[in-house]
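Just so you know, all these numbers are worked out from the coordinates, no wet-lab data involved. The shown structure was predicted, so the numbers you read here are calculated from the model rather than taken from an experiment. Note that each Cβ is placed from the backbone with ideal geometry, even for glycine, and that neighbours are counted across all protein chains shown.
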Amino acid sequence: MDAIVKLIGICNAFKSGEYSVKEFQARIETVYLPDACKYTLEKEQHNASNLLEEIIYFYGDEAIRGAKVADDLIYAALEEQKRLENV
């Protein structure tokens, strides 16, 4: 659960302007999720990283597009927390 909280914290910090899109991408890639999240949140984490790579490549360091990725990742993390609490 600590990894999920850390991931949410990174997303919120990005949305607060603490990181660039590139740094945000690098930081979410460093969060190692538990095996229970392998086919759920870890997949979302990987997809978010890919979307951020696309944003960096095509749009530069555009925080508005990155914020949407952060919001989606926060939502997925919160849903995963609920799922793990019920297991």
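Quick notes on this one:
- Under the Debye formula (equal points on every Cα, no solvent term), log10 I(q)/I(0) of the chain at q = 0.19, 0.23 Å⁻¹: -0.75, -1.06
- Cα-based helix-to-principal-axis angle, 41-59 vs the chain, degrees rounded to 10: 0 degrees
- Mean separation of Cα contacts under 8 Å (6+ apart) over length of the range 2-85, as relative contact order %: 39 percent
- Reachable aspartates and glutamates, given that their alpha-carbon falls under 18 Å from the alpha-carbon of Lys6 and they are not under 8 places away in the same chain: Glu18, Glu23, Glu29, Asp35, Glu42, Glu44, Asp71, Asp72, Glu79, Glu80, Glu85
- Nearest-ten-degree value, helix 63-85 long axis tilted from longest Cα axis of the chain: 0 degrees
- Modelled this way, with points 7 Å down the Cα-to-C-beta line, the labels at Lys22 and Asn86 are 4.2 nm from one another.
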